[in-house]
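Some notes on the structure that comes next.
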Amino acid sequence: MASSSPPDANLQPQPPGTARVDRAVSIVPAPALIALAAVAMVASLYSALLYAPTDSFQGNIQRIFYIHMPAALTMYIAVTLLFFASVLYLQKRDDRWDEVGAAAAEVGILFGTVVMITGPMWARPVWGTWWTWDAKLTSTFILWLILIAYLMLRAYGGAPEQVARFCAVLGIIGFLDLPIIHFSVMWWRTMHPQPVVLTEGGLGANLPGSMLATVALGMLAALLLFAVLFRYRLRVERMSRRLMAMRRSLDFSQEENL
């Protein structure tokens, strides 16, 4: 006697929360979003290399800052999105929040890798060393390792529900590292410079207008790139899971017909 296929969360209607996420990432049509990101990136590079003045102390190597800082802040945004998706998954056990978390983590590690590459490139001429185990760099490296572990767990972890729970916990732990990263230069003595954009005196209070404009343009480019990558990564994640669900349903039906 044949029975119906088991229900699968990936085939059910979307809950309001994830529907809002979909609407948020779909406000701008995909081709227009890609075009905006491309234009912003070109304008950001032009501003960083040619428009912004040369730093009087560090010289031209300081221009890496206009890539390093937007990448770091965008990594913060990705990990924050991962945190909320992880909490909501643990609360609701809805696979769609797990999909949002997976997409945010993968894009976040991309920006985190940019931070880990540009940081030593900037540090070597200024500090005289590629790396030092101070609080800022070490806590950033720990977050990067947490995101690596998150992706490895997704790839090799085993049962999907168990993997989703463990990944959600990792996502929350990664988020808890963000305040340590951001405030480490204030809490401990580090080689990393103090914040120059988000300062107690106001937004970019000690930066010339041309530098602040370049920072803003770099941040806009990074956010648009994040939106493009997150949008497509989320779509790929959902298509992959729906394909897996269809395969499971087909296998179930074939077993019932034997």
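Quick notes on this one:
- With respect to the conditions (1) exposed (fewer than 14 other Cβ atoms within 10 Å of the Cβ); (2) at pLDDT 75 or above; (3) aliphatic (A, V, I, L, M), Val228 lacks only one, and its number is (1).
- Some residue of the stretch 145-155 being farther than 15 Å from Ala71 by Cα, of a type in the set (D, E, K, R) and out of contact with any Phe, Trp or Tyr (no Cβ under 8 Å at 6 or more places or on another chain): yes
- Residue tally, condition part of a helix (DSSP H, G or I) and in contact with a Ser or Thr (Cβ under 8 Å, 6 or more places away or on another chain), over the stretch 113-136: 6
- Residues satisfying the criterion are present in the stretch 162-169 (criterion: crowded, with 16+ Cβ neighbours inside 10 Å, farther than 19 Å from Ala71 by Cα, modelled with pLDDT of 90 or more and of a type in the set (Gly, Ala, Ser)).
- Residues (within 27 Å of Arg165 (Cα to Cα) and surrounded by fewer than 22 Cβ atoms within 10 Å (Cβ to Cβ)) located in the stretch 64-88: Ala72, Leu73, Tyr76, Ile77, Thr80, Phe83, Phe84, Val87, Leu88
- Residue check for Phe111: within 20 Å of Ala213 (Cβ to Cβ), surrounded by 17 or more Cβ atoms within 10 Å (Cβ to Cβ) and among the aromatic types (Phe, Trp, Tyr): no
- Test: residue in the stretch 73-84 that is part of a helix (DSSP H, G or I), small (Gly, Ala, Ser), touching a residue at least 12 places away in the same chain (Cβ under 8 Å) and farther than 21 Å from Leu217 by Cα: no
- First in the stretch 232-258 and among the charged types (D, E, K, R), second anywhere and at pLDDT below 85, Cβ under 8 Å, 6 or more apart: Arg238/Asn10; Arg241/Asn10; Arg242/Asn10; Arg242/Leu11; Arg248/Pro6; Arg248/Asp8; Glu256/Ala2; Glu256/Ser3
The values are calculated or read from the model by the stated rules, or taken from the named source; none is laboratory data. Source: prediction; values computed, not measured. Because the Cβ atoms are built from the backbone with ideal geometry, glycine has one as well, and the counts that use them run over all protein chains shown.
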